[in-house]
Each structure stands twice: as C-alpha cells, then as structure tokens.
Amino acid sequence: MDFSPVIRNLPYMLQGLQLTFLLALVGMSGSLVGGTVLALLRLSPYRLLRWPAAVYVDAVRMIPLIMVIFWIFFLLPILTGRPVSATSAAMIALVAFNSSYMAEVVRAGLMSVPKGLGEAARSSGLSFFQNLLLITFPIAFRNMLPAIVSRFIALFMGTSLAYVIGVTEFFRAANNINNRIFRPFEIYLFVAVVYFVCCWSLSLLSRWIERRLAAGERPAKQDQTALSLRIEAPAIAARAR
Amino acid sequence: MNYDFDWGVLIEYRGLLWDGLVATVELSVASLLLSLLIGTLVASGRSFAPALLRPLFTVYVEFFRNVPPIVQFFFWYFGVGLDVVPAAVIGLSAFTGAYVAEVVRSGIGSIPKTQLEAARSQGMTPTQVLTFVILPQAMIRIIPPLSVEFINVIKNSSIAMTIGLTELTFQTQEIEARTFRGFEAATAVTLLYVALAFFIVALSHAVERAARLDLRRG
C-alpha cells in the first residue's frame, strides 16, 4: 500500500469534494422545501391535493435514485427541447428524490404536534400560515431534527451517484485519478474513509441532538399542567434511504 | 414538446428487460440472504459477545453503513479485484448487513429480559437461549422493517450497473444507447421496480401471517 499518489492528487479530489458538498446542500435545501410542500399537501383536507402528493411520495420511494437521475436526464431535454447540464440534472434529481423521503419526515413531525395547539392558535385569530410558521413548525421542527440529519446522511451518500451521468463530484474525481495512475485499492479505500468521516460525524451530530432533546424534555414531563410536548421522534423516517 | 413516443422498442428489447429483471432479483435475493446472516451475527455479537469483542461489531455497523454503496462496489471490484458478481453481492451485502444488524438488534431488544433470565435459570447455555428463545421471536417482530430493507436492497442493486452488472437499470442505458429511446426504457424499468416493491410488501404480509400462525401452533 502506498498512499503518496493519493496525497499528490489531493487538490483535484478536494475540488470534487466541494461539488459533492454543493450537491448535498442544494439537495438538502431543495428537499426541505419540497418535502414540506408535499407533507402539507398530504395532510390537506382536500382529496384533490392529498392524492397526487401521496402517489408521488410513495412512488418515488419505490424506485432507485439512479433511475430518478436517468429520468431527469432523459426527460428534461424532451420537455424543454434542449439538453440539460449533468450537474443541474443531478441537482434536480436529488431534490425530486429526497423530497419524497423528507415529506414523510415532515409529515411525521407535523403529526407529532398536539392538534389542540394548532386549534388554539387558529381560534385566537392566527391565520393558517401564521399558525404554521409561528406555532406548529417550530415545535415540529424540533421533533424532526434527528430524522432530518439522518436524511442528510443518505442524501450525502446519494450524491456519489451523480457519477453515472458524468458529474465530477468527489467520487468521479477520485475515479479520474485512478484512471490515470491506476491505484484502485488505495484510492477507493481513501474515498471510503472520506465518505465515512463525513457521514459518521453527521450521525454523531444526530445522536447528540437526540440526547439534547431528550434532556430538554424532562422538566416538561414533570409539569403536569403544561401541554405535554414529549412525542416520539419520527422513528420510521430515521435512516430510511 | 415534440417527441414521438415509440413504445415498440420495449417489445423489441423485451429480452434485455427480462434478463435485467432476473439479474436484479437474483442479486437482491442473494444479497438479502447474506445480509440477514451478517446482520444476525453482528447484532447477536453486539448483544451477547464478550464485552471486549463488542466494539468490533459496532465498528462494522458504523463503517459499512456510512460509506456509499457505489464506493463499496468499486472497492471490491477494482480495488480488491473480484469478479463482477461476487463484488456486487459482497458490496451490497456488507452495506445492507449493517442496516439489518440494527434492525435485528432492535428485535432482540424488544424481547423482555425476563425471558433470557428464565431460560438461563432452566439451564440453557447463552447460545441456546439466543437460537431457541430470543432470535425466533425477534425475527418475527422484525418482518416489517426487514421488508423495507428488502426493497432497499432492490433499489441499491441498481448501483451494481456501475461495475457492469447487467441488471435492470443497466438495460435502461443499454436500450438508450442502442435506440436513443431512454425515456421509454426508463418508464418500463421504473414500472418494473414499482411492481417489485408491491410484490415484496404483499410477500412480507403473507410471511408475517404464516410465521405468527406457526408460532401460535408451537
């Protein structure tokens, strides 16, 4: 084993890592928005809004991310009539794919907020969106946080699949190096360790948040008069891929 | 949008699609079985192995589930130099095994400790308690989450296309390369994945019902 070629090519790979982070951040912010919209649609009282959202969320979760990436890559040019860059196709695919998982996280989070709280907010004159933004979301978000971080880990690992349509993110960058110097054992081991360090520190963060939240809830439990906000963290959504 | 759909390519290339479906199912079933084995061993190890060895099992789980499957495939295929199929099966099983280990561990944790104590005081060895008392019950309880893992295995098996395994997603690209009908091919393959997922949900319900009946009969 000789890691010096890996170290010599580090700057190039780090450039790829930057793109990986960019893909992950765009995917994350996009799917937080997309997931919230889908979750709200799924919880809406109107069947016409509820059903399409439910079909989208359930269908996308049944197909592999690579398929979604191909879909966007093949479909968008047909719809718009001109080719899309691989990077934007990857970003769109990551958002479209992860929105449906995030929708389940957000839905579980919203449903974990006691119904009376929203009703009280509405009856004291807050509008639908005021209630959502000021009352329900802040509480739901707190319960969702560990699951959101878990989703972020899955999303981060998913960015490596942008490789298939030729995006030079970290994995493809490492691959390009390997094609030049042919040191597959060292290079892929190094790549694995880098992904591991990124994802594992995120999972430590998620566990830390969970512990902090559990600690913060103790006084509320003792106070019988206060609204009990202790709700199970959306466990179903945790670590789902 | 002016694109002439030509669904005929799907009939023309149905052989490719069928081969892909078979390869996907074979890879997924083999990997699921192997990852069940890995997961059960690792979870049992984490709960019952001598305290000094336990961190090893934890390290396995943490490492293999935090490295993207595509990297694991490339490592086994190009790094270690295995053939395509073993590399795909090992890569997918090692990744899924880490998740299955967590599922099995939660199943083991759901069995009351009193059962372990009762069985031990009857004179059963720890291994006997694990294989005859705890694991049979734990396995039935975890059938629903395991079916989720099965669907995940099928989805992740698509990544094996990157090392050249000719499964379903690979065939999408193959049809696209031969006919430029990527859209039609992607539609067909997507529907096949959805059908597989539905089949597994139905299968897991059937297995769960049968297993519970079996347990009641004793």
**Request:** Tally the residues that are β-branched (Val, Ile, Thr) and either more than 19 Å from the chain's Cα centre (by Cα) or within 14 Å of chain A (Cβ to nearest Cβ) (or both), restricting the search to the range B:38-72.
**Result:** 6
**Prompt:** Given the conditions (1) buried (at least 16 other Cβ atoms within 10 Å of the Cβ); (2) away from chain A (no Cβ under 14 Å); (3) without any contact (Cβ under 8 Å) to a residue 12 or more places away in the chain; (4) under 15 Å from B:GLY39 (Cα atoms), and given that B:MET139 satisfies all but one, which numbered condition is not satisfied?
**Reply:** (3)
**Asked** What about A:PHE74, is it crowded, with 24+ Cβ neighbours inside 10 Å, under 24 Å from B:VAL194 (Cα atoms) and either within 12 Å of another protein chain (Cβ to nearest Cβ) or of a type in the set (Lys, Arg) (or both)?
**Response** no
**Message:** Residues that are under 24 Å from B:VAL189 (Cβ atoms) and either modelled with pLDDT under 95 or out of contact with any strand residue (DSSP E or B) (no Cβ under 8 Å at 6 or more places or on another chain) (or both): does the range A:42-52 have at least one?
**Reply:** yes
**Request:** Working only within the range B:156-193, note down all residues that are more than 19 Å from B:ALA30 (Cβ to Cβ) and assigned to a loop (DSSP other than H, G, I, E, B).
**Result:** B:PHE180, B:ARG181
**Request:** Select, from A:LEU19, A:LEU38, A:LEU25, A:LEU65, the only residue that is without any contact (Cβ under 8 Å) to a residue 24 or more places away in the chain and among the aliphatic types (A, V, I, L, M).
**Result:** A:LEU25
**Request:** Quick one: in the range B:73-104, of everything that is more than 20 Å from B:PHE150 (Cβ to Cβ) and among the hydrophobic types (A, V, I, L, M, F, W, C), which residue is farthest from the other protein chains (Cβ to nearest Cβ)?
**Result:** B:VAL84
**Request:** Please enumerate the residues belonging to the range B:185-195 that are crowded, with 21+ Cβ neighbours inside 10 Å and at the interface with another protein chain (Cβ under 8 Å from one of its Cβ atoms).
**Result:** B:ALA186, B:VAL189, B:THR190, B:TYR193
**Fill in**
Filtering the range A:13-34 for residues that are over 13 Å from A:VAL191 (Cβ atoms), among the hydroxyl-bearing types (Ser, Thr, Tyr) and touching a helix residue (DSSP H, G or I) at 6+ places or on another chain (Cβ under 7 Å) leaves a count of 1
**Fill in**
Exactly one of A:MET144, A:MET111 is in contact (Cβ under 8 Å) with a residue 24 or more places away in the chain and touching a Gly at 6+ places or on another chain (Cβ under 8 Å), and that residue is A:MET144
**Request:** Give the range A:54-65 a look and list any residue that's within 9 Å of another protein chain (Cβ to nearest Cβ), over 9 Å from A:ALA93 (Cβ atoms) and of a type in the set (A, V, I, L, M, F, W, C), or say none.
**Result:** A:ALA59, A:MET62, A:ILE63
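Every residue, every condition in (1) crowded, with 18+ Cβ neighbours inside 10 Å; (2) within 13 Å of chain B (Cβ to nearest Cβ); (3) among the aliphatic types (A, V, I, L, M), yes or no:
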{"site": "A:ALA120", "(1), (2), (3)": "no, no, yes"}
{"site": "A:GLY125", "(1), (2), (3)": "no, no, no"}
{"site": "A:PRO146", "(1), (2), (3)": "yes, no, no"}
{"site": "A:PHE152", "(1), (2), (3)": "yes, yes, no"}
{"site": "A:ASN179", "(1), (2), (3)": "no, yes, no"}
{"site": "A:ILE187", "(1), (2), (3)": "yes, yes, yes"}
**Asked** buried (at least 18 other Cβ atoms within 10 Å of the Cβ), within 13 Å of another protein chain (Cβ to nearest Cβ), modelled with pLDDT of 90 or more and within 18 Å of the chain's Cα centre (by Cα) - does that describe any residue in the range B:169-184?
**Response** yes
**Item:** Residue that is in a helix (DSSP H, G or I), at the interface with chain A (Cβ under 8 Å from one of its Cβ atoms), among the aliphatic types (A, V, I, L, M) and surrounded by fewer than 22 Cβ atoms within 10 Å (Cβ to Cβ), where the choices are B:VAL148, B:VAL129, B:VAL133
**Value:** B:VAL148
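The rows are residues; the columns are (1) loosely packed, with under 14 Cβ neighbours inside 10 Å; (2) within 30 Å of B:PHE183 (Cα to Cα); (3) at pLDDT 95 or above.
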{"residue": "B:LEU10", "(1), (2), (3)": "no, yes, no"}
{"residue": "B:VAL22", "(1), (2), (3)": "yes, yes, yes"}
{"residue": "B:PRO55", "(1), (2), (3)": "yes, no, no"}
{"residue": "B:TRP76", "(1), (2), (3)": "no, no, yes"}
{"residue": "B:VAL85", "(1), (2), (3)": "no, yes, yes"}
{"residue": "B:VAL104", "(1), (2), (3)": "no, no, yes"}
**Prompt:** Restricting the search to the range A:77-92, which residues are without any contact (Cβ under 8 Å) to a residue 60 or more places away in the chain and either within 20 Å of the chain's Cα centre (by Cα) or more than 10 Å from chain B (Cβ to nearest Cβ) (or both)?
**Reply:** A:ARG82, A:PRO83, A:VAL84, A:SER85, A:SER88, A:ILE92
**Request:** Give the residues of the range A:73-116 that are modelled with pLDDT under 90, in contact with a helix residue (DSSP H, G or I) (Cβ under 8 Å, 6 or more places away or on another chain) and in a helix (DSSP H, G or I), sorted by residue number.
**Result:** A:PHE73, A:PHE74, A:LEU75, A:LEU76, A:ILE78
**Fill in**
If you go through A:ASN175, A:ASN131, the only one that is of a type in the set (S, T, N, Q), over 23 Å from the mean Cα position of the chain (by Cα) and more than 13 Å from chain B (Cβ to nearest Cβ) is A:ASN131
**Item:** Among the residues listed as A:ALA108, A:ALA24, the single one being of a type outside the set (Phe, Trp, Tyr), over 19 Å from B:ALA185 (Cα atoms) and within 14 Å of another protein chain (Cβ to nearest Cβ)
**Value:** A:ALA24
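The values are calculated or read from the model by the stated rules, or taken from the named source; none is laboratory data. For clarity, every value in this text was computed on a predicted model and none was experimentally measured. A quick note on method: Cβ atoms are made from the backbone with ideal geometry, for glycine too, and the neighbour counts reach across all protein chains shown.
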